[in-house]
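**Q** What follows is a structure written as structure tokens; I'll ask about it next.
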Amino acid sequence: MADENWIEVGSTDSIEEEDLIRFDHQDKTFCVYRLTDGFYATDGICTHEAVHLEDGLVMDDEIECPMHQGIFNIKSGEALSPPACDDLKTYPVKVDNDKIFIKIN
Amino acid sequence: MNKKIFILGGGQSALYAAREIRKNNRDAEITILGEEKFIPYERPPLSKDFLLNKRIDEDLYFCSKETLEEEKINYLNTIIIKVDFENNILVSEDNKQYTYDTLLISTGSKNRKLNINSEVDDEIFYLRNLEEANNIKEKALGKKNILIIGGGFIGLEIASSFSQLNKNISLVEVGNQLMGRIIPNQIADLVKQFHENEGNKIILNKTISEITKINEKYKILLNDNTEIISDLIVAGIGSIPNVGLFENTKLKLDNGIVTNEFCETNIKNVYASGDVSNFYHPLYAKYMRLESYQHAQNHGLCAGKNISGIKTEYSSIPWMWSDQFNLNLQLTGICDDYDEIVERGKRIDDGIIYFFLKNKKIKGACGLGIAGKVGRDIRITSKLTEKNTIVDSSLLSDQSQKLNKLIQK
């Protein structure tokens, strides 16, 4: 029986390597990333100001906010560079039959 | 004995230097001497979220007092009135003496002031620090008509904030475009149009001839005899490096404190960082003085490394931003040295960027978009400029093509 906490995001080929897509579910926005070693997910809004990270730059394991260049580690959510101070929430991701799922709760 | 490091100035550059020094040196005595009663805080929100009451004082600190204590960084609220470079001594207003082994000067810049007439000069508001932002906010309560003098970042950001608080804004700029010192006219024209669509009156090419106070209002006469009635006047007409303390000393000054690419001044063990420093930029092979968030931070970090004995060259590509209404403007590099201009995008909603190229290499770019729409491409541009990459301008102008692919790893 499917675990209801795993939400389907889309197919693995919907994200290019070292890139991300935005995923909205209920009232929340997430970012799902494809890095060289797999898929990851974080909250979709920067912790500094309410800006969508979907327009940010993914470099190696980091996402940089497009508005003020706050940087977060995608895997841990850690805020690495100001003006970002608060960490970004991260979520478990799994791939099943070429589909990406994230566990939100 | 532990090395005594003093940092003169209590802003962003000072703090980042202090924390970097602590990271590399557990034992040094690190003291920041700041003229404000507040520990270092972020200035960009002062003209935006702070005026809009979306953020308060406590939200602005870079780190808490507890963090400073844990990292053993002393913050002393004091005014230094004399620096004795011969004997390495700083003297404060209350006649205390501080002896340093190493001195970092991060005194920033101060507001250029208007000189109109003595009756009103002291009643014109400026915005650089928290106290001034609080004064403006308080004074603006219940006032409707606001005159802003100066069409640079700060004037336009205040215009945007007060417009969102339903005030009537007139903005007077002496130049023939907004943000003329650094922003290309293509982007400046878009910003002007946006402000006008929001109801702000933007007046270019005009100077203030006279200001008269009538009861609680001001009558402003422009050089073409236009009259403006205002309840409050705020000016943002640029800034000058804070170097008064060093005039007639052996510290080399020229539009700020002259430093090399390692933040070193002409005096041994004396460094400078941030707005106050006119530094040598190795990539552009010239001296420049920058006033931006990114520069204050990175230059402070670089000074901190060099003070810690880690020889580090400062070669950041300049980058700055301004937020007005829901627009985000970003500039990277330098946009006044080019032989080709390439436009990317047609709609502000998706972001519009102008690239300035010379010999097929990007020297600078300036973009405007809703929220963060231009951020990724501007960031990629910084990297391309840094690496001196030859670029295909047809790819730059095609918004359906991602620019990531231009970055060579």
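**Q** How high is the FRET efficiency from B:SER397 to A:GLU18, r the C-beta distance, R0 25 Å, rounded to 0.05?
**A** My answer for the efficiency is 0.60.
**Q** Another question, then. Rounded to the nearest Å, what's the spacing between the alpha carbon centres of the stretch B:110-136 and the stretch B:355-377? Just the number, please.
**A** For the stretch B:110-136 versus the stretch B:355-377, the Cα centre distance is 34 Å.
**Q** Still on this structure, I have one more. At B:LEU165 and B:LYS268, where each label point lies 7 Å from the Cα along Cα→Cβ, what is the point-to-point distance in nanometres?
**A** Output for this residue pair reads 5.3 nm.
**Q** Still on this structure, I have one more. Below 11 angstrom from the Cβ of B:LYS219, what's the summed charge of the other residues (Lys, Arg +1; Asp, Glu -1)?
**A** With Lys, Arg at +1 and Asp, Glu at -1, the net is 0.
**Q** Could I ask something else about it? Please compute one quarter of the surface area of the Cα convex hull for the stretch A:6-103 and express it in square nanometres.
**A** Spelled out: convex hull of the Cα atoms, projected over all directions, averaged, 5.5 nm².
**Q** Now for a separate question. Please give the contour-minus-distance gain from B:THR67 to B:VAL174: 0.36 nm per residue of separation, less the Cα-Cα distance, rounded to one decimal in nm.
**A** 34.1 nm
**Q** Could you identify which residue out of A:LYS75, A:LYS89, A:LYS28 has the top mean-square fluctuation in a GNM of chain A using Cα springs shorter than 10 Å?
**A** Comparing A:LYS75, A:LYS89, A:LYS28 in a Gaussian network model of chain A, the most mobile one is A:LYS28.
**Q** Please work out the Cα center distance from the stretch B:232-277 to the stretch B:163-195, rounded to the nearest Å.
**A** Using only Cα atoms, the two centres lie 29 Å from each other.
**Q** Still on this structure, please answer the following. Let me check against my output: what whole-number percent is the relative contact order of the stretch B:326-406, with C-alpha pairs under 8 Å and at least 6 apart?
**A** Relative contact order, the stretch B:326-406: 32 percent.
**Q** While we're on this one: Let me have the relative contact order for the stretch B:85-234, percent, based on Cα pairs under 8 Å that are six or more residues apart.
**A** 22 percent
**Q** So for A:GLU54, B:GLU70, fewest C-beta neighbours within 10 Å to most, what's the order?
**A** Starting with the residue having the fewest Cβ neighbours, the order is B:GLU70, A:GLU54.
**Q** Right, something else. Just want to confirm a number: the relative contact order over chain B, from Cα pairs under 8 angstrom separated by 6+ residues, in percent.
**A** 14 percent
**Q** Let me ask something else. Viscosity 1.306 mPa s, temperature 10 °C: Stokes-Einstein D of the protein assembly as shown from its Kirkwood Cα radius, in µm² per second?
**A** My calculation gives 64 µm²/s for D.
**Q** Still on this structure, I have one more. For B:GLU36, B:GLU93, which order do you get if you count the other beta carbons within 10 Å of each Cβ and list the fewest first?
**A** B:GLU93, B:GLU36
**Q** Here's another thing I want to ask about it. Just from its helices, what would the mean residue ellipticity at 222 nm be for chain B, if runs of 4 or more DSSP H residues each count -39500 (n - 2.57) and the sum is divided by every residue, rounded to the nearest 500 deg cm²/dmol?
**A** Value at 222 nm, helices only, nearest 500: -6500 deg cm²/dmol.
**Q** Could you calculate the FRET efficiency of A:ALA50 with B:ASN225 from 1/(1 + (r/R0)^6), where r is the beta carbon distance between them and R0 is 51 Å, rounded to 0.05?
**A** Efficiency at R0 = 51 Å is approximately 0.70.
**Q** Next up: Taking the beta-carbon count within 10 Å as an exposure proxy, list A:CYS85, A:CYS65 from fewest neighbours to most.
**A** By the 10 Å Cβ count, ascending: A:CYS85, A:CYS65.
**Q** How long is the gain from B:GLU216 to B:LYS201 if the chain were fully straight, where each residue apart is worth 0.36 nm and the alpha carbon distance is subtracted?
**A** The span from B:GLU216 to B:LYS201 would gain 3.2 nm if fully extended.
**Q** Starting from the Cα coordinates of the stretch B:113-237, work out the convex hull volume and express it per residue in Å³.
**A** 101 Å³
**Q** Now a separate question. Sort B:288-294, B:117-123 by packing, meaning the average of other beta carbons within 10 Å per residue, with the highest value first.
**A** Output ranking for B:288-294, B:117-123: B:288-294, B:117-123.
**Q** Along the charge dipole of the stretch B:326-406, pointing to its positive end and built from +1/-1 on Cβ of Lys, Arg, Asp and Glu, which listed residue (B:LEU331, B:SER397, B:GLY372) has its Cα farthest out?
**A** Comparing the listed Cα positions along the dipole, B:GLY372 ranks first.
**Q** Taking the inverse of the average 1/r across all pairs of different Cα atoms in chain B, what Kirkwood radius in Å do you get?
**A** 22.7 Å
**Q** Can you give the FRET efficiency for B:VAL91 and B:GLU131, using 1/(1 + (r/R0)^6), R0 = 25 Å, r = Cβ-Cβ distance, to the nearest 0.05?
**A** Computed FRET efficiency for B:VAL91 and B:GLU131: 0.55.
**Q** Obtain the nm distance between the two label points defined at B:ARG181 and B:THR389 by a simple spin-label model: each point lies 7 Å from its Cα along the Cα-to-C-beta direction.
**A** 3.1 nm
We did not get these values from a lab; they are worked out from the coordinates using the rules stated. Quantities reported herein were computed from a predicted structural model and do not represent experimental measurements. All Cβ positions, even for glycine, are placed from backbone atoms using ideal geometry, and neighbour counts span all protein chains on display.
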